[in-house]
Each structure stands twice: as C-alpha cells, then as structure tokens.
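Take a look at the structure below.
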Amino acid sequence: MLYQSKGALPSDEQVDQWLQEDLRNIVSKSLDKLGMDNSQVVGEPLLIRGPILWATTGVPATDLRWKKGKDGIVRFAINRVTVIQLTEQLLGDYACDFNFLKNVMLNERTDEYHYKDLVSVSTQEISTSYTLPTGVRMVSAQAFRLSVASGEHIDVTVNAAKLSEVTGGSIPTTGAEKAVQVIRTMLREKKQ
C-alpha cells in the first residue's frame, strides 16, 4: 500500500513541492480545457483536492498508494482535483483524477454553469460504497458539493474517518472550505 522506493526517499517538503508544481500545471490546463483565458476570470482559481484510495477507472490497483510523512500528514498517489474558474457570467469547472506517481490526468471532465442555475454549495456527509485496498469498506465521507437546478451536482470526496483510520495519519488540507466561502459570496452578489 505504501510508496516503495529503491534508495533514499525524498523529504515530505520535496514531495509537497512537486505536488504543488503539478497542481499549478493542472490549474493552467483548466483554462484551456474550459475554453477560457485569464482576462475572463474573476479572482483566483479555486482548487479542491481529495484523496482517492479505491478502484477508479484508468488507475491500476498498484497505484492506490499512500505514505504518512514525518509530520503525520498522509500523501496520496491518486487525487481527485477540481479547479473552479469564476467569471462575471458563469462558473467553469475542470476535474480530473490525478496520478501523482505517473504525472497523468485521467477521467477529465469540464462543466459550465450560469450563476442563476446554481442551487447550493456546501461540504456535507455523503454515502459511499468504496472498498479501500485493505478490504475495509468506506460507507460515508465528507464531500464538497455544488448543486445545480437541473439536479446535477459536482462532488469531491475530501475526507473520511476511514481514510485516517486505514492510513494512520491526517488527511491533507483540501481547499473545500475556501471554495465554499468564495462561491457563496459570488452567488449572493449575482442573485441579488
């Protein structure tokens, strides 16, 4: 389950630096995927990242790994990365399953919603039916959720007690709370 390496392992700081560089590249790519440019975007992009430790399309089971750092924070090889770009008229969403081991973005998706169509944004407990590599079932998780009038929604699993239990560490900060605050503020302004 843990990352395996021959030779010296990189420090927690080095791994975090590499991941941040990769995430910046994903944020840049999100504009192209959404057909946007920086001149259309209002404010900073919102990045939400959640660990994946269950069977996922395109991800080999051998890549479902984690490593608890000396700081007690768990680094996951696979993450669901969602980038939300806000413009004056709409919200653009780019999402992918990011394989940090191979620097590959899988299961990419883009969505675009006008503010009038957004119903709610929240973090909430959701039901899941994931089986972790240890065989433990994860039946609930904390998720970022953006709901649309049509009934569609964007979910990003950001935490679960079972993940902490199985990995023995703390789940990294996800960006979900900041995203909820920023989107709520934008919705209040646009729906007045």
Can you name the residue in segment 112-153 that is part of a loop (DSSP other than H, G, I, E, B) and β-branched (Val, Ile, Thr) and, of all such residues, is surrounded by the most Cβ atoms within 10 Å (Cβ to Cβ)?
Val136
Just give me the residues in segment 80-104 being surrounded by fewer than 19 Cβ atoms within 10 Å (Cβ to Cβ) and within 19 Å of the chain's Cα centre (by Cα), in sequence order.
Leu101, Lys102, Asn103, Val104
Between Arg184, Arg145, which is closer than 15 Å to Leu46 by Cβ and in contact with an Asp or Glu (Cβ under 7 Å, 6 or more places away or on another chain)?
Arg145
Considering residues that are crowded, with 16+ Cβ neighbours inside 10 Å and outside any helix (DSSP H, G or I), the number found within segment 154-192 is 12
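Each reported figure results from applying straightforward, stated rules to the coordinates on display, with no laboratory input. Quantities reported herein were computed from a predicted structural model and do not represent experimental measurements. Using ideal geometry, Cβ is built from the backbone for each residue, glycine included, and neighbour counts are taken over all protein chains shown.
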